[in-house]
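Student: Mind having a look at this structure? Questions to follow.
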Amino acid sequence: MSKILTIIRHGKSDWSYDDLADFDRPLKARGYTDAYKMAERLKKEEPLPDLFYTSPANRALYTAIIFARVLFNQFDNIDVNEELYMASYRSILNILRQSPDKSNHIAIFGHNPGVTDFANKFIFNQIDNIPTAGYVKFEFDTNCWKDVNPENLTNHSFEYPKKSDTNLY
């Protein structure tokens, strides 16, 4: 059995509210559109995630909700984790390594620079920036989340809203 991780950057946020704290910034219209688009793209890749971890920040939480709606039309597999708000690579890895082994595909919704830093610790061809609503999907040859590391990475893919996908439309 293998473990699959999909790490997703939140959708594009709306900066037009000067009086809102960073934590409370909502998605802008494009953020919603791109999140739905990317959720539909992930839906075509089996197996689907069976557990979502998300930052509690408005933009990340709404992105996770959109993915859950598209993939399952239910929300009981979303775990809001305070540590994911502006988390570092190390924090994301610690959360992942403490995950239940009964989950075979985990999706983590977070923020840059942490999500891009995390991806770059595992892949050879470095990513400059995971765009908003973009994701990197990793496949690991292990049965235990605590054992996930670059040496047991078997495959990965990088998807983002502006990436051409002629099969989608």
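Student: Working carefully through the options Thr142, Thr132, find the one that is within 19 Å of Asp24 (Cα to Cα) and not aliphatic (A, V, I, L, M).
Tutor: From the options Thr142, Thr132, the qualifying one is Thr132.
Residue by residue, here is whether (1) modelled with pLDDT of 95 or more; (2) of a type in the set (A, V, I, L, M, F, W, C); (3) not in a helix (DSSP H, G or I) holds:
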residue: Thr6; (1), (2), (3): yes, no, yes
residue: Trp15; (1), (2), (3): no, yes, yes
residue: Leu20; (1), (2), (3): no, yes, yes
residue: Phe23; (1), (2), (3): yes, yes, no
residue: Gly31; (1), (2), (3): yes, no, no
residue: Met38; (1), (2), (3): yes, yes, no
residue: Leu48; (1), (2), (3): yes, yes, yes
residue: Ile66; (1), (2), (3): yes, yes, no
residue: Arg69; (1), (2), (3): yes, no, no
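Student: Continuing with the same structure: Looking at the stretch 1-19 only, could you name the residues that are farther than 19 Å from Met38 by Cα and either of a type in the set (A, V, I, L, M, F, W, C) or out of contact with any strand residue (DSSP E or B) (no Cβ under 9 Å at 6 or more places or on another chain) (or both)?
Tutor: The answer is Met1, Trp15, Ser16, Tyr17, Asp18, Asp19.
Student: Any chance you could count how many residues in the stretch 1-19 are more than 15 Å from Ile66 (Cβ to Cβ) and touching a residue at least 60 places away in the same chain (Cβ under 8 Å)?
Tutor: Adding up the residues that qualify gives 6.
Student: To continue, here is another question. Quick one: how many residues across the stretch 20-54 are of a type in the set (Val, Ile, Thr) and out of contact with any strand residue (DSSP E or B) (no Cβ under 7 Å at 6 or more places or on another chain)?
Tutor: 1
Student: Being in contact with an Asp or Glu (Cβ under 6 Å, 6 or more places away or on another chain) and not in a loop (DSSP other than H, G, I, E, B): is that true of Ser103 here?
Tutor: no
Student: Could you list, ordered by first residue, the pairs with Cβ atoms under 7 Å in which the first is in the stretch 20-44 and within 18 Å of Gly110 (Cβ to Cβ) and the second is of a type in the set (D, E, K, R) and in a helix (DSSP H, G or I), at least 6 apart or interchain?
Tutor: That search, which allows pairs on different chains as well, returns Arg25/Arg59; Pro26/Arg59; Leu27/Arg59; Gly31/Arg59.
Student: Sticking with this one: Checking Ala68 against (1) over 16 Å from Thr6 (Cα atoms); (2) out of contact with any helix residue (DSSP H, G or I) (no Cβ under 8 Å at 6 or more places or on another chain); (3) surrounded by 17 or more Cβ atoms within 10 Å (Cβ to Cβ): exactly one of these is not met. Which one?
Tutor: (1)
Student: When you go through Asn125, Asn155 one by one, which is the residue that is without any contact (Cβ under 8 Å) to a residue 24 or more places away in the chain and part of a strand (DSSP E or B)?
Tutor: Asn155
The values are calculated or read from the model by the stated rules, or taken from the named source; none is laboratory data. These figures come from a predicted structure and were not determined experimentally. In this analysis, Cβ positions are derived from the backbone assuming ideal geometry, glycine residues included, and neighbour counts consider all displayed protein chains.
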